[in-house]
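The values are calculated or read from the model by the stated rules, or taken from the named source; none is laboratory data. Quick caveat, the model's predicted, so the values are computed rather than measured. For neighbour counting, all protein chains shown are included, and Cβ atoms are generated from backbone atoms with ideal geometry for every residue, glycine included. Side chains included, ligands, DNA and RNA excluded: accessible areas come from the protein's heavy atoms. Shrake-Rupley method; radii C 1.70, N 1.55, O 1.52, S 1.80 Å.
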Amino acid sequence: MSGKTANYYELLEIRPDASNMDIINAYRQAKLTFKADSMATYSLFDEEELRQMQEQIEQAYATLSNIEKRRVYDRQLGLSREEGASGRETADTVQDNVVTLDGGAERPAGIRYRMAVATVFTGRLLREVREFRGIELAAIAEHTKISRQYLQAIEDEDEKHLPEPAYLKGYLKQYAAEIGLDPERVVGRYPPLQRGD
Amino acid sequence: MHENGHAANVVRLQRQPESCGPRIWAVASGKGGVGKSLISSSLGLALSRQGRRVVLVDLDLGGANLHTCLGMPHPDVTLSDFIDSRDRTINEFVQPLQDLPAGLISGAADGLEVANLKHFQKQKIIRNLRHIHADYVILDLGAGTAFNTLDFFIAAERGIISVVPDPTSIENTYRFLKCAFTRRLREVPKQTRKLMARILGMRQGEKRRIRTLAASLNAMQQLHPEHARLLQGELARQKLHLIVNQVLEPSDTELGPSMALACHKYFGQPLEYLGHLNHDRQIITALRGRKPFLTTYPQSRAAINLEHMAAALLDQDSRSEA
């Protein structure tokens, strides 16, 4: 889009010390904005520009969402970053506040609200969160190297195809982290694991 | 030395009224019927309920009806009278609103010429906006990209744009922004303008021409950084805001943040999303009863959102003062 190529942080319009949650939210927003039939870009960008933009967004997310790749990339950019989210509020915390002020009564069943107050993380809720973030199951399978069937079984709560509880806990934690949820919270509230206790 | 110092003082004293003048916000849209008058009247009322002195100016010349949105009778004096007058100040044409520290300068004259202001008449209005006795002056502009509309728009320190979730409104919003930015380029020195025109014709990468303002600013930054600074300075003078009106579907609420992101990528300038207003029958009901919506249905979601928007902008102003 510009003479000098924007780096991945500039592309997703986040700060170099963005938390994983910031990255996921920015990715979702960018993906939604620049998808092929997006109303928001109507008449502003042509198909070819949108295609390029989508490619760049996917590249940016593939790198920034992977801790190892992000570390290498940061080094290339000459950024020295402390590990972790450097104590900043994550985007969800900030947006949750806005939701209670602005959209609380209008959308009581809003996904941000439900994930913030959930006492049970059903497979269905997990899938909703993932879809809300605009993340494909295949992308999680690739990042985590967990087989697609297991991930599908987690979302379906398909006990026949779920792995042994010890493995399931590990997989579920990785899956939760990928969709920006607190892994410990999800593991403690996932019905098939409670039934096993 | 002494004389110079004295001269500087005089200049500062002369400029003082301008720097202490009202803050000017303009409400615009690419397309008509998307809620400009509702938004400007409601923001005006919300500010005056916060104790700010507000004057609304109806600059939708030829289609002026802000008085109706405010529940006022047809005005006795209008902007045309001010344009024609030789010795009266603009403040003599403000019609006060009941109960609130607010007033209206109406544009509702029926003469043919008012919709087609001459250059000097437009200049007279723009010059005098700064002399209005108020904390805030809110301009309700006509739809579209006529030069007069664009010039009123870029005279304001905040530009508030209303859009509804349909492709025609979105297309016209982007057209309006393109025209407003192009019009703003007239404010930079000729040499900077020339360089910008040259950059816009340049090739980018293999074959595409530089098309977006963001890309041209970027190229300018690399080739002529001093001119890029001038341009950025000019563009940063006005803050732009977006309101999505007539929201029906939950997914419509995604439009604002997405348009803000798309604009930033295209124009290289921030367009801040202020929030959305739900489609609300009470807005029509208030209008039919010739009552101001905000004070007639203060508990409605749209009215609450409008109050929030006014409060957010006030907050930004007080931070920038600090």
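Cβ-Cβ contacts under 7 Å between residues 6 or more apart (or on different chains), taken from a first residue in the range B:292-320 that is within 12 Å of another protein chain (Cβ to nearest Cβ) and touching a residue at least 24 places away in the same chain (Cβ under 8 Å) to a second residue that is open to solvent by 10 Å² or more (accessible area, probe 1.4 Å) and in a helix (DSSP H, G or I), are listed as B:ALA302/B:ILE283.
You will find that of B:VAL164, B:VAL137, the residue that is within 16 Å of B:LYS36 (Cα to Cα), among the aliphatic types (A, V, I, L, M), in the same structural domain as B:GLY32 (by TED's automatic domain parsing) and in contact with a Phe, Trp or Tyr (Cβ under 8 Å, 6 or more places away or on another chain) is B:VAL137 and no other.
Does B:GLY289 count as away from chain A (no Cβ under 14 Å) and either out of contact with any strand residue (DSSP E or B) (no Cβ under 6 Å at 6 or more places or on another chain) or at pLDDT 95 or above (or both)? Quick ask: steps written out before the conclusion?
Numbers: away from chain A (no Cβ under 14 Å): yes; either out of contact with any strand residue (DSSP E or B) (no Cβ under 6 Å at 6 or more places or on another chain) or at pLDDT 95 or above (or both): yes.
Yes: the conditions hold for B:GLY289.
Kindly establish whether B:GLY275 is within 13 Å of chain A (Cβ to nearest Cβ), at pLDDT 90 or above and surrounded by fewer than 22 Cβ atoms within 10 Å (Cβ to Cβ). In short, yes. B:PHE293 meets each of the listed conditions (1) in contact with a helix residue (DSSP H, G or I) (Cβ under 6 Å, 6 or more places away or on another chain); (2) over 22 Å from A:GLY110 (Cα atoms); (3) surrounded by fewer than 19 Cβ atoms within 10 Å (Cβ to Cβ) apart from (3).
Please count how many residues of the range B:46-71 are part of a loop (DSSP other than H, G, I, E, B), on the phi < 0 side of the Ramachandran plot and surrounded by 18 or more Cβ atoms within 10 Å (Cβ to Cβ). Walk me through how you get there before you give the answer.
So the first thing to find is which residues in the range B:46-71 are part of a loop (DSSP other than H, G, I, E, B), and the list is B:50-53, B:60-65, B:70-71.
Checking which are on the phi < 0 side of the Ramachandran plot leaves us with B:50, B:52-53, B:60-61, B:63-65, B:70.
When the remaining residues are screened for being surrounded by 18 or more Cβ atoms within 10 Å (Cβ to Cβ), the result is B:52, B:60-61, B:64, B:70.
Qualifying residue count for the region: 5.
Residue-level check: of (1) within 14 Å of the chain's Cα centre (by Cα); (2) facing chain B (nearest Cβ under 10 Å); (3) part of a loop (DSSP other than H, G, I, E, B), A:ALA18 misses just (2). Here A:LEU77 meets each of (1) open to solvent by 60 Å² or more (accessible area, probe 1.4 Å); (2) of a type outside the set (D, E, K, R); (3) modelled with pLDDT of 95 or more with one exception, condition (3).
Being of a type in the set (Gly, Ala, Ser), touching a helix residue (DSSP H, G or I) at 6+ places or on another chain (Cβ under 9 Å) and either buried (at least 16 other Cβ atoms within 10 Å of the Cβ) or closer than 25 Å to A:ALA40 by Cα (or both): is that true of B:ALA219 here? When the stated conditions are applied, B:ALA219 passes them. Residue count for the range B:222-268 satisfying the condition of being within 13 Å of chain A (Cβ to nearest Cβ) and open to solvent by less than 70 Å² (accessible area, probe 1.4 Å): 23.
Inside the range B:72-127, residues that are in a loop (DSSP other than H, G, I, E, B) and not basic (Lys, Arg) make up a count of 25. Return a yes/no flag: does the range A:104-127 have any residue that is farther than 19 Å from A:LEU64 by Cα, under 13 Å from the mean Cα position of the chain (by Cα), part of a helix (DSSP H, G or I) and modelled with pLDDT of 90 or more. Yes, the range A:104-127 contains a residue that is farther than 19 Å from A:LEU64 by Cα, under 13 Å from the mean Cα position of the chain (by Cα), part of a helix (DSSP H, G or I) and modelled with pLDDT of 90 or more.
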